[in-house]
Amino acid sequence: MIRFQRVYAACFPIALLVACGSGATSDAADDGGDSETGDGDGDGDGDGDGDGDGDGDGDGDGDGDGDGDSDDSCGDGVTGPSEQCDDGNDVDSDECTSECVLAACGDGFVQEGVEACDDANTDDDDGCSSLCAIEICGDGIQQASEKCDDGNAADGDGCSEVCDFEPKLVFVSSQLYDGNLGGLAGADAKCHALADAAELPGTYLAWLSTDEANGTPATRFTQWAGPYVKVDEVSVADNWADLIDGDLDSQIDKTELGDAAPIGTTNCSGGNFPTVWTGTGVAGTLIGPQTCNNWTSNGPDNAFWGLASEVDPDLIPPSAWTEWCTGPGCSSLSSLYCFQQ
């Protein structure tokens, strides 16, 4: 015998009859009143958890944090997709900055134990170098306030301990020689020997020119960016450019010992002047063929001399220091100009 059960559906005025034992239930009885999904949870997704995403966690985004997006929070200790690093803090002085970017020189953060400074750029000459080191004299980086920086704080190497150019010494030889100087090499050796005997620093070359390759001061001298001075520290020229402009700060009239230039035996202007073998113009180049056969002759060949004394510019041009007199007389005696390199 079939019995009928009367069931009243919520919110409906109509009673639905379901045959007991038929294996069927009414929708209203089965879903607990959810008319949208028929799943009994009232969330519209059919999974029985009430979250609407089908994963049972109640967040709606699939990652379990309830925010609806992926986890990429700087400082949480987890390196997210958009982060280079994440060390779980907001400290800028360690290997991972508070912006979750790997620390690097030029980022504006001083990395402890690694950088001495960081000015947010990789420029030199601004107090903090491109290596994030504090710029000082002797670090090998020339700053605007330095004339030179050779990477050390030593004197005697051309750049002083305060990063200023050290002067190069110039002297007129205390010894007189005839025109056979043994060529440029022989003349250089004479200069160097005199400097050694006077305990002057450095190496020296003679201010002479020949017609040989690299046979002039302009081609074989160090063209110094710093000053040239006599042994009494009186300035001769501010630098190479000043040396060859034809007008010295003072005449080269002191020997390696600090004495006055010796008097030569030439007949220039009647003789009795401190003459110097040169063969060289004010620019440091060969002035002509008057070189005592490239300084290997003491015969009747022609030569060119300079004048190693202060002159009246109204009477004698400033260039006379190197190009004053010419004529035969390689057997006569004169000095040499010697320049520290």
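Summary table below
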{"item": "Selection count where residues are under 13 Å from T97 (Cα atoms) and of a type in the set (V, I, T), scope the range 109-125", "result": "1"}
{"item": "Top-ranked residue in the range 302-311 [being of a type outside the set (F, W, Y) and within 46 Å of the chain's Cα centre (by Cα); ranked as surrounded by the most Cβ atoms within 10 Å (Cβ to Cβ)]", "result": "A308"}
{"item": "The range 117-138, residues that are surrounded by 19 or more Cβ atoms within 10 Å (Cβ to Cβ) and over 13 Å from G106 (Cα atoms)", "result": "E135, C137"}
{"item": "Hits in the range 258-286 (condition: within 40 Å of the chain's Cα centre (by Cα) and over 21 Å from D312 (Cβ atoms))", "result": "G258, T280, G281, A283, G284, T285, L286"}
{"item": "Residue in the range 188-201 that is under 25 Å from D242 (Cβ atoms) and under 34 Å from the mean Cα position of the chain (by Cα) present", "result": "yes"}
{"item": "Candidates G299, G246 - the one that is surrounded by fewer than 18 Cβ atoms within 10 Å (Cβ to Cβ), farther than 25 Å from H192 by Cα and under 47 Å from the mean Cα position of the chain (by Cα)", "result": "G246"}
{"item": "Test set (1) in contact with a strand residue (DSSP E or B) (Cβ under 7 Å, 6 or more places away or on another chain); (2) touching a residue at least 60 places away in the same chain (Cβ under 8 Å) - D150 fails condition number", "result": "(2)"}
{"item": "Scope the range 233-251; condition touching a Lys or Arg at 6+ places or on another chain (Cβ under 8 Å) and hydrophobic (A, V, I, L, M, F, W, C); matching residues", "result": "V234, V236"}
{"item": "Yes/no for A241 being of a type outside the set (D, E) and loosely packed, with under 14 Cβ neighbours inside 10 Å", "result": "yes"}
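Condition check ((1) under 30 Å from C191 (Cβ atoms); (2) acidic (D, E); (3) in a loop (DSSP other than H, G, I, E, B); (4) free of Cβ contacts under 8 Å to residues at least 12 places away in the same chain) across all residues:
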residue	(1), (2), (3), (4)
G88	no, no, yes, no
D107	no, yes, yes, no
D124	no, yes, yes, no
S130	no, no, yes, no
C137	no, no, yes, no
Q142	no, no, yes, no
D155	yes, yes, yes, yes
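Every number in this text was worked out from the coordinates using simple rules, so none of it is lab data. Keep in mind it's a predicted model, so treat the numbers as computed, not measured. Every residue, glycine as well, gets a Cβ built from its backbone with ideal geometry; the counts of neighbours run over all protein chains shown.
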